[in-house]
Amino acid sequence: MPKTPKRKRALSPIRSLETLKPSSEQYPDLPFPTPEQCRDVRDALLTHHGFPEEFAKYRRSTTSPLGAETAVDGVAGETVLDGLVSTLLSQNTTESNSRRAFESLKSAFPTWEHVLAAESKLVEDAIRCGGLAATKAARIKSILRALKDKRGQICLEYLRHLSVDEVKTELSMFKGIGPKTIACVLMFHLQRDDFPVDTHVYRITRDIGWVPMKADREQAYLHLNNRIPNDLKFDLNCLLVTHGRLCHRCAIRGGRQKTSRSFASCPLAEYQKSRRVS
């Protein structure tokens, strides 16, 4: 009688969360980036681009009478769940397409309860412009259903009162929600100090020697999130993303050709030329 093949054990949320926690140095022999490098790159990009308007609404801008920065409690009219879903929709597509998909979804369904109750096909149709509609619709409905079953209401506002590690534990339980999405929710929608690594941040930080070329996206996240000072994370991240989209030398669509002209116009040229990590 043939043996029944053993099922592979599912990876538990707590175990998978270990990849998100910088419990030790990812690359202990790599001293970059230093706080000074982070500040210099932030300042150079800020001078070159100005602060990107699309991220301004999430920026920590309130100041106490004593001058200490205080985090805002999210963007007016935008919930943590809005942030999670909009970030999920941004996976594997452009920023403009993901924004259109989210606006279409919110226009088609007045509440998240309506999204949960709707036929999957209708949800797919609403977000089709963002790509991977079937996969993303299934994941959105799975998140909504899990919240309804576990907490009795479709809401993530309770995350505002949890620690960063607790937020990571909660969000990592949802299928399709990985380190980059969680870091985006933390930084943009919970105003916590974290450093998402998207394709632009990943490409540029390897090019300028802050991350080994052999590092994957999660290794880059762990290393950068551990080394970049908290007070620089938000601005530096937003500016790297913007630079990756706009710079002829650094943008994917620019072909990344190392011409003298493109280097001359790129504020990160000297970092790219003197890269010391392979």
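The values are calculated or read from the model by the stated rules, or taken from the named source; none is laboratory data. The shown structure was predicted, so the numbers you read here are calculated from the model rather than taken from an experiment. Cβ: placed from backbone, ideal geometry, glycine included. Neighbour counts: every protein chain shown.
All of (1) crowded, with 20+ Cβ neighbours inside 10 Å; (2) over 15 Å from L84 (Cβ atoms) hold for I182 with one exception: (2).
Before we move on, is T87 part of a helix (DSSP H, G or I), out of contact with any Leu (no Cβ under 8 Å at 6 or more places or on another chain) and within 26 Å of N230 (Cβ to Cβ)? Judged against the criteria, T87 is a match. Within region 185-201, being out of contact with any Ser or Thr (no Cβ under 8 Å at 6 or more places or on another chain), crowded, with 23+ Cβ neighbours inside 10 Å and over 17 Å from D231 (Cα atoms) holds for one residue alone: V201.
Applying a threshold of 9 Å to beta carbon distances and a minimum spacing of six or more residues, or different chains, the list of pairs starting in region 41-53 at a residue that is crowded, with 16+ Cβ neighbours inside 10 Å and ending at one that is among the acidic types (D, E) reads R42/D235; L45/D235; L46/D235. Scanning region 78-136 for residues that are within 14 Å of the chain's Cα centre (by Cα) and farther than 21 Å from D149 by Cβ returns G83, S86, T87, L89, S90, Q91, N92, T93, T94, E95, S98.
Consider region 159-183 and keep the residues that are over 19 Å from F234 (Cα atoms) and among the β-branched types (V, I, T). The one that is nearest to the chain's Cα centre (by Cα) is I177.
Comparison of A220, A215, A251 shows that the only residue that is farther than 30 Å from D149 by Cα, over 11 Å from the mean Cα position of the chain (by Cα), among the aliphatic types (A, V, I, L, M) and at pLDDT below 95 is A251. Taking region 102-131 as the range and being closer than 22 Å to M173 by Cβ and surrounded by fewer than 16 Cβ atoms within 10 Å (Cβ to Cβ) as the test, the residues that pass are E113, S120.
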